[in-house]
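Asks: Structure provided below as structure tokens; questions to follow.
The values are calculated or read from the model by the stated rules, or taken from the named source; none is laboratory data. These numbers were taken from a predicted model, which means no experiment stands behind them. Positions of Cβ are generated from backbone atoms using ideal geometry, with glycine treated the same way; all protein chains shown enter the neighbour counts. Calculation scope for accessible area: heavy atoms of the full protein, side chains included, ligands and nucleic acids excluded. Shrake-Rupley method; radii C 1.70, N 1.55, O 1.52, S 1.80 Å.
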Amino acid sequence: MSILFKRITPKTGAIVTGVDLTKPVSAGDLKIIEQGLLEHQILFFRDQPVTPQQQCDFARFFGDLHIHPIYPVLPELPEIMVIDTHEGFLPDNDNWHTDVTFSQTPPLAGILAAKQLPSVGGDTLWANTVAAYDALSAPIQKLLDGLTAVHSVSKSFPPSRWANDPDTKERYERAVAKHPPVNHPVVRTHPVTGKKGLFVNHGFTTRINGLSDAESDHLLAFLFAHVSRPEFTIRWNWQVNDIAFWDNRITQHYAVADYLPERRIMHRATVNGDKPF
Ligand code: SIN
């Protein structure tokens, strides 16, 4: 079997065939997948009924794994974050975000496996932030290049949801205490490809430093709208046992919350990253 990548759009996303992620993947194939991720930003694998352990084993080839400080995780394998959404646990990832940018060192990648899906709906969209940056005019690129912005955990994880519930309160308060707001560059350079991508996201970015409130609000509103233009995005219609693998350094994603009262269960393994520059 040889690994093949089939593009989904000219610049973003590819479907990968020729690999079985329920089995150990050879070093050569891992290198090919890593290269494919750099080229396509988001990779999709169909028909991969991985166990949580197999999902972690695959993810670990790309780095150490992150344990989410707030979201539910598998008790026996906390490196697997469980996004089990239904009427009793409402989806909250229906906004454009890059995962965990409230950390000094946001993740390198996310690996998401579809475990249970609604009969229809529950798609996920990804945006290519390099394509979004490249499409900006030179004067706007120049304006953004030296700026930094604040990212805050409580923007996507508000106390109203997490601190009011006795089951989640203590863990939430520890996470907030451990993650004060952080500054990241508004334009991030990919550490391997050297490409520049927009690094502000609706989920966590609260303010651009050095601007007035009105300037920051307007510029962020423009950038959030710009990055989600259809030209830079793809939309994935899940089947059970699909896996999506995205480069979290240069993408954002949005999980469409159109399936309630049906249930949707996803497992995410998250690979640690480094400090954006
Ligand atoms: C995520 O927001 O990390 C997961 C996206 C999804 O549930 O589709």
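Asks: What figure in square angstrom, to the nearest 10, would you give for the accessible area of residue 67 with a 1.4 Å probe?
Replies: Estimated to the nearest 10 Å², residue 67 gives 80 Å².
Asks: Give me the one-decimal Kirkwood hydrodynamic radius in Å for the chain, with the sum taken over alpha-carbon pairs.
Replies: 19.2 Å
Asks: So what is the 222 nm mean residue ellipticity for the chain from helices alone, if each DSSP H run of at least 4 adds -39500 (n - 2.57) and you divide by all residues, rounding to the nearest 500 deg cm²/dmol?
Replies: Computed ellipticity for the chain at 222 nm equals -7000 deg cm²/dmol.
Asks: If you don't mind, another one. Peptides 120-132, 29-41: what's the order by average Cβ count within 10 Å, highest mean first?
Replies: Averaged packing, sorted descending, gives the order 120-132, 29-41.
Asks: If you wrap a convex hull around the Cα atoms of the stretch 51-172, how much volume per residue is inside, in Å³?
Replies: Per residue, the Cα convex hull of the stretch 51-172 comes to 159 Å³.
Asks: From the protein chains alone at 1.4 Å, what is the descending order of accessible area for 195, 11, largest first?
Replies: I get 11, 195, largest accessible area first.
Asks: Can you list, largest first and rounded to whole Å, the semi-axes you get for the stretch 119-199 by taking the square root of 5 times each eigenvalue of its Cα gyration tensor?
Replies: Calculated on Cα positions only, the semi-axes equal 32, 19, 11 Å.
Asks: Two-decimal Rg/Rh of the stretch 228-277 from alpha-carbon positions, Kirkwood Rh?
Replies: 0.99
Asks: First measure r as the distance between the Cβ atoms of residue 119 and residue 6, then evaluate 1/(1 + (r/R0)^6) with R0 = 35 Å and state the FRET efficiency to the nearest 0.05.
Replies: It comes to 0.85.
Asks: Remind me, what semi-axes does the stretch 136-179 give for its equivalent ellipsoid, largest first in whole Å, using sqrt of 5 times each Cα gyration tensor eigenvalue?
Replies: 36, 10, 5
Asks: For the chain, build the charge dipole from Cβ charges (+1 Lys, Arg; -1 Asp, Glu) around the Cα centre, then report which of 166, 131, 44 sits farthest towards its positive end.
Replies: The Cα lying farthest towards the positive end belongs to 131.
Asks: Dipole of the stretch 166-277, Cα-centred, from +1 at each Lys and Arg C-beta and -1 at each Asp and Glu C-beta, to the nearest 20 debye?
Replies: Computed about the Cα centre, the dipole is about 340 debye.
Asks: Quick one: ranking 154, 216 by accessible area, 1.4 Å probe, largest first, what do you get?
Replies: Sorted by accessible area, descending: 154, 216.
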